[in-house]
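The values are calculated or read from the model by the stated rules, or taken from the named source; none is laboratory data. Keep in mind it's a predicted model, so treat the numbers as computed, not measured. Every residue, glycine as well, gets a Cβ built from its backbone with ideal geometry; the counts of neighbours run over all protein chains shown.
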Amino acid sequence: MNLATLELFCEGARVKSFAKAAKLLNLSQSAVSAKMQAVEDFYGVSLFNRSHSGVTLTEFGQVVYKYARQILKLHDEMAREIDSLSEWENQKLAIGASLSVGNQALPCTIWAFKEKHPKVEVVLRIKNAETIVSMVRDEEIHLGILEERAGEGMADLVTKQVLNDELLVITANRKPWTDRSSITLEELRRYPVIIREKGSGIRCIFEKSLGSVDLCLGDFRVVAEMESIDAIKSAVAAGMGLSLCSRIAARREIRDGSLHALSIGDRPISINYLIVYKSDEKLSASAKRFIRFLMGPGEIPFC
């Protein structure tokens, strides 16, 4: 038993579903089920009532849940007291992030981290993925967050996966696109496309995926390159063309109806976001806390 397992147990009990808990924690349902079975084996009793509609706590499970929450609360109080006595809280934490995750998702994450550690001064630098890797190597930032396939050739750096996402085709929220939920790469070739600049993670991921099906960017009707994801979304919403975007970077516009999203039907492209840093030895205490904050059980507070 460890704190992460207790947190996972509490999350499964809270949402009353291993499938929902797995989705929130970026884990497979089988992994969550296996860990919960291990908890039951550890205590030698059944903690969950399982059914097709989800799970509920047994009488034994309610006891474990009550004490698990107390244990986690005590641990948080202990960590805060240690923090108040240590000097690491006064450190500056410099984070670099690629545009897709930095502009759209991380601000709320940093806000939530600051609520737990108010004395840490967090500086967020938003650049394309290629620049973030260089900044980590040059020690201009403590850690970076960027798209996995954009960060190839990073054998000299420590990398940890933190988030799963999907590459989408974004369109104006109008017909004929609103009648559709997907588009093939062959279809996409027939429409004007707006892309990110060289060095961006999204462009790198797309180009690498094209190479696996014997296509290249030159096979598409590229009408513009833009360094700003917000500029691209504005251009797409105005009907100037289609573009490629991570789901997390466009979810606000998808939700409010200013953009429409299509999955790439014949060749789904996944995006894994990584935390990247130079070495464990050089990682500051505040950076270690931020990594644990991102990778711990529970839904990551993205905007």
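Every condition in (1) without any contact (Cβ under 8 Å) to a residue 12 or more places away in the chain; (2) aliphatic (A, V, I, L, M); (3) touching a strand residue (DSSP E or B) at 6+ places or on another chain (Cβ under 8 Å) holds for Ala13 except the one numbered (1). Restricted to strands (runs of 3 or more DSSP E) entirely inside the stretch 1-112, those with at least 3 residues that are among the hydrophobic types (A, V, I, L, M, F, W, C) and surrounded by 20 or more Cβ atoms within 10 Å (Cβ to Cβ) are 92-97. Of all residues in the stretch 152-174, those satisfying the criterion of being within 15 Å of the chain's Cα centre (by Cα) and modelled with pLDDT under 85 are Gln161, Val162, Leu163, Asn164, Asp165. For the stretch 116-126, state whether one or more residues are farther than 30 Å from Glu81 by Cβ and touching a residue at least 12 places away in the same chain (Cβ under 8 Å). Yes, the conditions are met somewhere in the stretch 116-126. Could you go through the stretch 118-137 and let me know if any residue there is of a type outside the set (Asp, Glu), over 30 Å from Met226 (Cα atoms) and either touching a Lys or Arg at 6+ places or on another chain (Cβ under 8 Å) or outside the structural domain of Asp156 (by TED's automatic domain parsing) (or both). Yes, the stretch 118-137 contains a residue that is of a type outside the set (Asp, Glu), over 30 Å from Met226 (Cα atoms) and either touching a Lys or Arg at 6+ places or on another chain (Cβ under 8 Å) or outside the structural domain of Asp156 (by TED's automatic domain parsing) (or both).
Scanning the stretch 127-168 for residues that are more than 20 Å from Leu283 (Cα to Cα) and outside any helix (DSSP H, G or I) yields Lys127, Asn128, Glu147, Glu148, Glu152, Gly153, Leu163, Asn164, Asp165, Glu166, Leu167, Leu168. Looking only at residues of the stretch 62-116 that are polar (S, T, N, Q) and modelled with pLDDT under 85, we find that the one that is nearest to Arg252 (Cα to Cα) is Gln104.
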